[in-house]
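The structure appears below as C-alpha cells.
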Amino acid sequence: MDEVLPVLAGLIALVLVGLAVVIAGDRARLGTQRAQAEKLGRQYRQQELTARLDQVERAIAEQQEQITFAERDLAKATEENDALRATLNQTEYPFIYTAVPLDSRGDLHARTFRFNARHPVLGEGAIPPDPVAQWDQGRLYLVAAANQAEARSVIDRLLPRHRGFVVVNVGEALSAAIEPSPGNP
C-alpha cells in the first residue's frame, strides 16, 4: 500500500493540474471571446460614427450652399436698400412744409412755429431754379404744436442733425398771417 499512495497522489496531482489547465483554457477562451466582442462592438460604433460624420458633412455642404445663397441675397438686398435710400435722399419736396405732430390729432388751431432748415451738402453746386439750391439759403417749415419744445422735437425728428441738417428757430408764426381774414375764407 505504500506504493499505491504515491501513485495515487501523483494521479490526483495530475487530475488537479489537468483541471487547472482546463479552467485556465476556458477562462482564456471566454476572455478571447469577450475581447473579440468588444472589438466588434468598437468597430460597429466606429462605423456608426463614420456614417454619422459623413451625414453631418453632407448636411454642412448642403447648408453651405444655402448660406452662400443667403449671403448673396443679403448683399443684393443691401445694395437695393442703399439705392432706395439714395433715391429717397435725393427726392425733393415743395419749398414750404407744414408738419403736424401726432399728439395734436389734427388740431389746426394750435400755435404755429417757424423753422429755417439748411443743409450745406445738399445745396452744393446747384443752380437756383433747381429746388435743391434752396438748401443753401434754407427752407421754411411751419410746425403746429402746443409749445415750442414740442415743435422743436417734431422738426428734430423730421430733419435730424446727424444727417447734416442745420435748423434755426425763426419764432412763432403770426396767427393773422396764417388765419384767413373775415371777408376771405
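Over what distance in Å are the Cα centres of region 116-152 and region 1-53 separated? A separation of 100 Å, based on Cα centres.
Quick one: length gained pulling ALA20 to ASP136 fully straight, 0.36 nm per residue minus the C-alpha distance?
30.7 nm is the gain from fully extending ALA20 to ASP136.
Multiplying the sequence separation of VAL168 and ALA86 by 0.36 nm and subtracting their Cα-Cα distance, what value in nm do you get?
Working: separation 82, 0.36 × 82 = 29.52 nm, distance 2.55 nm.
Taking VAL168 through ALA86 to full extension adds about 27.0 nm, to one decimal.
Calculate the tail of P(r) for region 1-52: the fraction of all Cα-Cα distances greater than 13 Å, expressed in %. Roughly 71 percent, rounded to a whole number. Can you give the net charge of the other residues whose Cβ lies under 13 Å from the Cβ of ARG161, counting K and R as +1 and D and E as -1? Here the charged neighbours net out to +3. Label-to-label distance for ARG157 and GLN43 is 7.5 nm, based on points extended 7 Å past Cα in the beta-carbon direction.
Where a number appears in this text, it was derived from the coordinates with a stated rule and is not lab data. In this text, all values refer to a predicted model and were calculated from it rather than measured experimentally. Glycine also receives a Cβ, built like all others from the backbone with ideal geometry; neighbour counts cover every protein chain displayed.
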